[in-house]
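K.L.:
Provided herewith is a single structure, encoded as structure tokens, for subsequent inquiry.
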Amino acid sequence: MKKVVLGLLAIGLSSQMYSQIIKTEQLSEVSVYATNYKYFNELNTSEEVSVPVELLHRKVAGFNVKDSEFYQDDYDLYQVNFFIPEGTILAAYDANGKLIRTAEKFKNINLPKAVKESIDNRFPEWTITKDIYLVNYQDTKGASLKYKVKLENGDKVLRVKLDEMGNFL
């Protein structure tokens, strides 16, 4: 019985020795291209972006036109729609997959802290009932971010426009 246990122990230890042999393998070179980083950086200026909006922005920035089923070498411009329940993004890509421009509209999202504080300071007795977040991005000009907010105080209704820093327009 002793011999069987020692034999199994020797087999078990020897199999572990062979599994620890390191094999070195030469990997081929990989090129990573960040084509739409500029778009993503333009839109994430504040740290408080609504989660569904940020996820859709990531999807737009990471979308590869060349891997899509509708890609053809004949076209110079591709317009792609991205949808979530909170909103939509219409994005235009060139033939190389670079994001040229977007038109975005989101409804009833979580507003940034600066926008909420600005509204609370100027209209303390009013409540926010609806909001719309509009983004227009162009590769050459950058991004324009606006918030349209509907405020109510009893029977009174007020509509205001703000930028991403909470400045009234």
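The values are calculated or read from the model by the stated rules, or taken from the named source; none is laboratory data. In this text the structure is predicted, and so the values were computed from the model without any measurement. Don't worry about glycine lacking a Cβ; one is built from the backbone with ideal geometry, like all the others, and counts go over all protein chains shown. Quick note on the areas: whole protein, heavy atoms, side chains included, nothing else; ligands and nucleic acids left out. Shrake-Rupley method; radii C 1.70, N 1.55, O 1.52, S 1.80 Å.
K.L.:
For the stretch 56-61, what does the Karplus curve 6.51 cos²θ - 1.76 cosθ + 1.60, with θ = phi - 60°, yield as ³J(HN,Hα) per residue in whole Hz, taken in order and with x for Gly and Pro?
P.N.:
Each residue of the stretch 56-61 in turn: 5, 4, 5, 5, 5, 5 Hz.
K.L.:
Oh, and also: Within the stretch 153-169, name every residue whose backbone N is under 19 Å away from a label modeled 7 Å from Cα of T127 along the Cβ vector.
P.N.:
Answer for the stretch 153-169: 153-160.
K.L.:
Per residue, how much accessible surface does the stretch 93-169 expose to a 1.4 Å probe? Answer in Å², no decimals.
P.N.:
Value returned for the stretch 93-169: 59 Å² of accessible area per residue.
K.L.:
Do the alpha carbons of any pairs in K98/K150; K38/K161; K141/K161; K66/K148; K98/K130; K105/K156 sit beyond 30 Å of each other, and which pairs?
P.N.:
K98/K150; K66/K148; K98/K130
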